[in-house]
1. Quick one: which of 42, 51 is out of contact with any strand residue (DSSP E or B) (no Cβ under 9 Å at 6 or more places or on another chain), at pLDDT 90 or above and of a type in the set (Lys, Arg)?
2. Return the residue satisfying two criteria in turn: it lies in segment 262-281 and is buried (at least 19 other Cβ atoms within 10 Å of the Cβ) and in contact with a Phe, Trp or Tyr (Cβ under 8 Å, 6 or more places away or on another chain), and of such residues it is nearest to residue 230 (Cα to Cα).
3. What tally of residues in segment 647-671 results from selecting those that are modelled with pLDDT of 95 or more and among the aliphatic types (A, V, I, L, M)?
4. Is there any pair linking a residue in segment 225-249 that is surrounded by fewer than 17 Cβ atoms within 10 Å (Cβ to Cβ) to one that is among the charged types (D, E, K, R) and not in a strand (DSSP E or B), with Cβ under 8 Å and at least six apart or on different chains, and which?
5. Given the residues 184, 194, which is the only one that is surrounded by fewer than 16 Cβ atoms within 10 Å (Cβ to Cβ), more than 20 Å from residue 226 (Cβ to Cβ) and polar (S, T, N, Q)?
6. Go through 121, 73, 116 for me and flag whichever is within 19 Å of residue 138 (Cα to Cα) and either surrounded by fewer than 16 Cβ atoms within 10 Å (Cβ to Cβ) or in contact (Cβ under 8 Å) with a residue 40 or more places away in the chain (or both).
7. Only one residue in 253, 293, 301 is crowded, with 22+ Cβ neighbours inside 10 Å, farther than 30 Å from residue 142 by Cα, among the small types (Gly, Ala, Ser) and touching a Leu at 6+ places or on another chain (Cβ under 7 Å), so which one is that?
8. Out of (1) in contact with a Leu (Cβ under 9 Å, 6 or more places away or on another chain); (2) outside any helix (DSSP H, G or I); (3) of a type outside the set (Gly, Ala, Ser), the odd one out for residue 265 is which?
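The values are calculated or read from the model by the stated rules, or taken from the named source; none is laboratory data. In this text the structure is predicted, and so the values were computed from the model without any measurement. Note that we place each Cβ from the backbone using ideal geometry, even for glycine, and neighbour counts take in every protein chain shown.
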Amino acid sequence: MNEPLSPSSLEERRKATFAEAVRDGAVVFAGREDAWNAACRRLAGAGYGGRVAENYARFAPQFAKLASATQALSLAGVVSSTAIRAGRAAAEQLPDAAMAVAGKVGPERTDQWLRLVEWLLSAAPESVAILLGAMPGLFAESDLDGVEAWIRIGVRAADGDPERRQRFFRLEDADSRRWLQRQSGQVGFLDMESRLKPFLAALWGDAPPLRETPPNAPPAARRRSGFDGSVVRLPTTFQGFPPPDSEKLYRAAVAHIGAHLEFSRDRFPLGGLKPAQVALVSLIEDARVERLALRELPGLARLFLPFHTAKPTGTATAPSLFARLARALADPAYDDPDPWVRKGRDAFAAAAGEFEDQRISRRIGDLLGNDLGQMRVQFDPKNYVVQPPYRDDNMGLWDFGEDDPAEKAEAEEVLSSANFRMEEDDKRPPDRVEQEWQPENASGRAHLTVQEADGVLVARYPEFDYMTGRNQADWTSVKEYIPGLGPARSVARLREERAGFANRLTTLIRSARVSRAERLRRQPEGEFLDLDACIDAVISRRIGENPGTRIHARYERRNRDLSTLLLLDISQSTAARVRNGGQTVLDVERQAAALLSQAMAELGDPFAVAAFCSDKREDVRYLRLKDFGSPFDALTEARLAGLESGLSTRLGAAMRHAGQDLALRKTYRRLLLVVTDGEPSDIDVEDRKYLVEDARKAVQRLNRMAIDTFCVGLDSDADSSLGRIFGEHNAITISAVERLTQLLPKLYLRMSR
C-alpha cells in the first residue's frame with residue numbers, strides 16, 4: 001500500500017516540478033532566459049502559495065508559442081496582481097485560461113483579453129476566478145468582443161453589489177443568459193422584431209404582440225417559439241444558425257404561428273392523454289394548419305420546407321420518428337421507408353377533405369400514439385424539442401384547465417416579460433392610468449408593461465457603451481409619471497409680466513417660414529424658366545397672339561410646417577439659486593417654457609413640452625406636461641408650476657423617448673429642444689464619459705431619423721460635453737441663467753428659419 005506523502009515531501013515534489021518547468025520553458029524564451037527566470041523567481045518568492053508559480057511556469061511557455069514571448073513575460077505581472085486582488089485560486093487558473101484564450105483569438109487580440117482581466121481586478125475582483133473558469137463556455141457562445149461586452153454589462157448591471165456580480169457571471173441570473181445570447185453575433189429577436197410584425201400582418205391581416213421568451217423560461221421553451229392567447233413568444237436567438245438562416249427561421253416561426261391563430265379555432269382538452277400523444281396530436285395539427293395556409297399562400301412552402309431536414313437514417317427514436325413524420329406530411333417529395341411514418345402520412349392524406357375540421361388532428365394523433373406505444377419506443381417529454389426548429393412548442397394548443405399550476409406559471413412568466421405595444425388601431429379599453437392621463441402620441445410607440453407605485457413603465461431603450469462600441473439593448477427603463485399640479489396662476493403671472501416681449505416674439509416667429517419649398521409657376525420673374533409657360537408663349541407667338549411675360553418660376557416657403565418638443569431637465573441641480581438669489585434654475589426654466597409655449601400656441605405650431613430626471617438606469621422619469629394636439633391651457637401651466645427638482649440626468653434615454661414622439665409627426669421639420677443645467681450623470685455610473693457618449697449616440701440616431709436637436713446649457717462647466725453631444729453649432733451655454741427667459745424663444749426663432 002502506498003503511504004500518503006508528508007507535507008514536506010509534497011512540497012519537495014512541487015519544488016522539483018517547478019524547477020523542471022522553468023528549465024524546460026527556457027528553451028521557448030531563448031535569448032530572454034534571464035527575464036524568464038526572473039519572472040518565475042518573483043512569483044515563487046512572493047509567498048502566494050499553492051500552485052501559482054508552478055502553473056505559470058507550466059503554461060507560460062505554451063502561451064508564448066500561441067501569443068508571444070513578450071506577452072508571456074507580461075503575464076507574470078498579471079498573475080501577481082491577480083493573486084493579490086482576487087486570491088490564490090484565481091491566480092492559479094489564469095495561466096491555463098490565458099493559454100486557452102490565446103489559442104482562440106490569436107496574438108493580436110490576446111493583449112485585449114489581458115487588459116480586460118486587469119480591468120476586472122479593479123472592477124470585480126471577487127468574480128475573476130468565476131470568469132476564468134467560465135472562459136471556454138463563454139467563447140463557445142461569442143467572440144472576444146462579445147465576451148468583453150457581456151462582462152462589462154454584468155459589472156454595470158450589478159450596481160456595485162459583489163454578490164449580484166457573482167450570480168450574473170455564474171449565469172444564475174436569468175438576465176445574464178439573455179445578455180450573453182445577445183452578444184453572440186447572431187441575428188436575434190431584437191434585430192427582427194420591427195420586421196416581423198408587418199410581415200405577419202401582411203400574411204394574415206393581423207399582427208398580435210410579439211414578445212421575447214423570458215430568460216427564466218425552461219430550456220426547451222427558450223429554444224422554440226410559442227403562443228398563448230394573442231401573444232406570440234419568440235426566442236432571443238436561434239442558437240447554431242447563421243444570420244441568413246436565423247432571419248428565415250424567425251419569419252417561418254411567425255408565419256406558422258399565424259396559421260395556428262387563423263385555423264386552430266379551439267384548444268384541445270388535455271384529459272388523460274400521455275405526453276407522447278400530446279406531442280403527436282400537436283404535430284398533426286401543425287401539419288394541418290400549414291396545409292390550409294398553403295392553400296391561401298402557396299409561397300410559404302419555400303419558407304417552411306428548407307428546415308425539414310430529417311432523414312430515414314440512424315436509430316428510430318421517438319424524436320427522430322416525429323421529425324421524419326413532420327417532413328413526410330409537409331414535403332411531397334420525401335419518401336420514408338418506416339411503416340409507422342408511412343401510416344401517419346397515409347392517414348393524413350386520406351383526411352385531406354376534412355382539413356377544415358380540427359378534430360382530425362386528435363383522431364390521427366391518438367391512432368399513431370397507440371401504435372408508438374406498441375412499438376415500445378420510449379418518449380422523454382422533459383428533453384423533447386419540437387422539430388423542425390421554426391415550429392412552436394404547441395403549448396397554446398392545449399387546455400390545461402383553469403387551475404393547472406404549470407399553465408399558470410407559464411402565463412406569469414410570459415406576462416412578466418411582456419412589453420405590450422399599444423398600436424394606433426388598438427381598440428382595448430383604457431386602463432386606470434390612461435383614464436387619468438391620456439398622452440395623444442402613446443399609440444404605436446409605448447411599451448406598456450407594469451404599473452409602478454409612482455410611474456408607468458412605458459419603454460426600454462438601448463444604451464451605448466463606448467468601451468465596447470456596442471449598444472446594450474433594453475438597458476434603460478423609461479417610466480412616465482403623472483406631473484404634480486401647482487398654482488397655474490403663478491405661471492400665468494410670469495407670462496403677463498413679459499407680455500410685451502411675448503407679443504414681439506410672436507410677430508417675429510410668424511414671419512419665419514418653415515415648410516417644404518413650393519414651386520410657383522408662371523411668375524413675371526423668378527429663379528428659372530417655367531418650361532410649360534415658355535412652350536405656351538412660343539405657341540402664342542406662332543399663331544399671332546401676344547405671348548405673356550409670366551414665363552418664370554421660383555421656389556418659396558409659404559407657410560410654417562414645424563413640430564417642436566421642448567425637453568426640460570429637472571434634476572436636483574436645478575434647485576440651485578441663480579445669481580440674484582431670488583429664483584431657482586427650475587423657476588427660470590419654467591418661465592422660459594411658458595413664454596415659448598405661448599408664442600407657439602398663438603401661431604398654431606404643433607409642440608409638446610416634457611420634463612425628465614433619473615434614478616439609475618431602471619427609473620428614467622419622463623413627465624408629459626403638454627402633448628402634441630393638446631391645448632396650452634391652465635392645466636399645462638399647472639403642470640409647469642408643479643415641477644420639482646430631484647434626482648439625476650440620464651439624458652440619452654430621455655432624448656430617445658422624446659424622439660419617438662417626434663418621429664410620429666408628419667411635419668416638414670421636427671425639432672427637439674433640450675434645456676439642461678449640466679452634463680449627463682447618474683448615481684449608478686462613475687465614468688463621466690459613459691453617459692456623454694451615450695447621449696451623443698442618441699443625438700446621432702435622432703439625426704438619422706430627420707429630427708433636429710439643439711441644446712441650451714445652463715452651466716459653463718458643461719460646455720465641452722454638450723458640444724460633443726450635440727455638435728458645436730447645435731449647443732450653446734449661458735452662464736447667466738436668468739437670461740434663458742429671453743434667449744430660449746429667440747433660439748426657437750433661429751431654429752425655425
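1. It is 42.
2. 268
3. Residues meeting the conditions: 5.
4. Note: pairs meeting the criteria are 228/410; 239/223.
5. Just a single option satisfies the conditions, and that option is 194.
6. Every option except 121 fails the conditions.
7. 293
8. Here residue 265 meets the rest and fails (1).
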